[in-house]
Each structure stands twice: as structure tokens, then as C-alpha cells.
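Right, one structure below, let's go through it.
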Amino acid sequence: MVLTGVAAVLFGRRLANPILALADAARSVERLELDRFPALTNSPVREVSLANQAFERMARGLRLSATYLPRALVARLTARQGGLPVSENRGLTVMFCDLEGYTSYSRGRPASEAAAYLNDLLARVGPAIEASGGTIDKYLGDGLMAFWGAPEPNADHARAACLGALAVAAEVEAFNRERQACGSFACRMRIGLHTGTVMVGNVGFAGRIDYTAIGEAVNVAARLEQFGKQAPKSAEITIVVSAACAGAAGDGFRHEPLDGKPADVAAEGVLPLTLLVGRST
């Protein structure tokens with residue numbers, strides 16, 4: 001009788017432990033901690049093993065989704081009850097950045113080498129943007145578009161964007177030091193920042209939807225990045241900031257004046273332009 005009881009307890013543990021591990025893994029997925037839960041072990045019960053295998057396939061799919069989509073957006077959609085979030089007008093700060101000289105660098109080089117260079121740089125730039133609360137909207141060849149203030153609201157989005165741009169500058173400078181130390185190609189980068197009201201939300205159709213921002217403020221940020229070509233080449237990264245962004249960001253930043261403005265850009269909220277060069281003490 002005692003042996004039967006001991007056997008029942010041991011079997012119960014063998015049955016319960018995989019189920020408890022599956023429950024822990026499910027809670028990790030709920031928090032989007034997709035790389036932190038251990039591999040699920042097989043269970044003596046066939047149905048539990050099948051459930052573990054199905055769960056791990058689902059987790060791999062979510063990892064891919066979180067790679068191709070902004071993680072903050074994935075988290076918000078996971079927690080949301082009901083359908084997709086509706087599009088809305090919202091004040092955001094938009095960033096465009098572009099890598100100078102990359103086209104010349106990549107010309108004649110193997111695609112794998114050119115892609116590795118770009119990916120190594122973006123492996124620094126991307127986390128700097130996300131750590132400051134930015135959402136990377138899309139990659140544009142050797143550049144990208146990002147914004148602050150969505151999907152999670154942030155009343156200080158302009159300040160966060162300026163901090164993010166300076167963090168990107170620090171990463172580019174560190175990247176260049178490493179490249180120069182081994183005699184490799186260093187880079188220059190331009191950034192445009194503008195604050196304004198945009199339409200942010202879903203664009204597309206049921207089979208393929210992008211979460212993005214659209215509006216004149218987006219266009220202005222892109223033109224400011226291009227206008228950075230005319231700025232003095234005194235640093236490895238040029239950050240052109242509109243008056244609206246600089247004003248909303250508040251104190252704590254060092255700016256230098258930048259004359260002129262891009263063509264076809266209204267002056268309201270844009271002029272005077274400045275170069276963001278650092279934090280003020």
C-alpha cells in the first residue's frame with residue numbers, strides 16, 4: 001500500500017512538472033519574454049508532449065513577429081481586447097536618418113560584406129532608438145524612419161527623441177572608432193527631427209497592415225534630414241532639429257543655429273532650424 005502511494009506521488013510529480021513548466025512559459029510569452037523560458041521537456045503523457053511542441057512552435061512564430069514588428073506594438077496588441085487599434089491624429093516627434101557614403105562604399109563589394117556593415121551599424125542604432133522610447137517604423141535602404149509618442153503615449157516625446165538622437169550619435173561615433181582602429185570605412189549620418197500632428201495607426205488591407213505615421217510632419221522630418229547635407233561637416237553625425245521639436249524638448253540641450261530651410265517647407269513650426277550638438281550642463 002505504501003509503495004503504491006509513493007508510486008502515485010512520483011507519477012503525479014512527473015505529470016505535474018511539465019504542466020507547471022508550460023504554465024510558466026505561457027506567462028513569459030504573455031510578457032513577451034520570448035527568449036527567456038527554458039526548453040519544454042517531454043512528458044510521459046502524450047497529450048502534454050504534443051501541447052509542449054505546439055507551444056514552442058507558437059513561440060517561434062511570435063519571436064519572428066516581434067523581430068519584424070515594433071516590440072511595443074506587439075505588446076500592446078497582445079494585451080488589447082478586441083480588434084486592431086484605430087488610426088488617430090496624435091502629436092509625435094518623427095526622425096529620419098540616412099547614412100552618407102554607403103552607396104559608394106557598397107559599390108563593387110560583395111552583397112554579404114555590404115549588408116554586414118549596415119547590419120553592424122543598425123545593431124547599435126536600433127537599440128539606442130528603442131531604449132529612448134522610440135518606435136522604428138521602417139528601414140529605408142541605408143536609413144530609417146522612427147517616431148516617439150506612439151504606440152505608447154508620451155507627453156515628452158520631443159525630449160525623448162532628442163535624447164534618442166544623441167544616443168544614436170554616440171553609437172555612430174563608437175562604431176567609427178572601432179572601424180578606424182582596424183583601418184576600415186567609417187561613416188557619417190544625417191538625422192532630421194520634427195514635432196507635429198500626424199495620423200498614426202493602421203495602413204493597408206486585411207492581408208498586410210503596417211502600423212505607421214502619415215502626414216506633413218513626417219514629410220518635414222524627411223526634408224530636414226536631406227537639408228542636413230548643407231550643414232557644416234564638423235561632426236560625424238548631423239542632427240537637424242525644427243523649431244517645434246527644439247521648443248517642445250525644452251531645456252537641457254545644446255543647439256547651434258542653421259541658416260536656411262528646405263524647399264517646399266512652410267516656415268510655421270519649422271524655423272529657425274538648429275543643429276542638436278549635445279546636452280547642456
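Annotations
- Residues whose amide H lies under 5 Å from that of PHE253, counting only those 5 or more places away or on a different chain, are SER280; hydrogens are built 1.01 Å from N in the peptide plane.
- Three-way shape label, the stretch 83-279, alpha-carbon gyration tensor, a/c 1.5: oblate
- Label-to-label distance, GLU152 versus LYS233, with points set 7 angstrom from Cα along the beta-carbon direction: 3.9 nm.
- Label separation (SER49 vs PHE205): 4.5 nm, computed from points 7 Å beyond Cα along the C-beta direction.
- A simple spin-label model places the labels of ASP264 and ALA181 4.4 nm from each other, with each point 7 Å out along Cα-to-Cβ.
- The H on the amide N of GLU100, modeled in the peptide plane, is under 5 Å from the matching H of ARG188, MET189, ARG190, each at least 5 residues off or on a different chain.
- Likely footprinting exposure, GLU88, GLU130, fewest C-beta neighbours within 10 Å first: GLU88, GLU130
- What the phi angles of the stretch 224-240 give under the Karplus curve with 6.51, -1.76 and 1.60, with θ = phi - 60°, is a coupling list of 5, 4, 5, 5, x, 4, 8, 7, x, 8, 9, 9, 6, 9, 10, 10, 8 Hz, glycine and proline written as x.
- For the stretch 119-126, Karplus couplings with θ = phi - 60° (6.51, -1.76, 1.60), whole Hz, Gly/Pro x: 5, 4, 5, 5, 5, 8, 5, x
- Distances between placed amide hydrogens fall under 5 Å for LEU271 paired with ALA243, all partners being 5 or more residues away or on another chain.
- Additional length obtainable on full extension of the chain from SER104 to ALA116, 0.36 nm per residue less Cα span: 2.8 nm
- Two-site FRET efficiency, GLU56 against ARG254, from Cβ-Cβ distance with R₀ of 35 Å, rounded to 0.05: 0.10
- Residue order, fewest to most surrounding Cβ atoms within 10 angstrom, among CYS162, CYS97, CYS245, CYS187: CYS187, CYS97, CYS162, CYS245
Since every read-out is calculated from the coordinates, none of them should be taken as a lab result. Bear in mind that the values here come from a model prediction, so they are computed numbers and not experimental data. Neighbour counts are summed over all protein chains in view; Cβ atoms, including those assigned to glycine, are modelled from backbone coordinates with ideal geometry.
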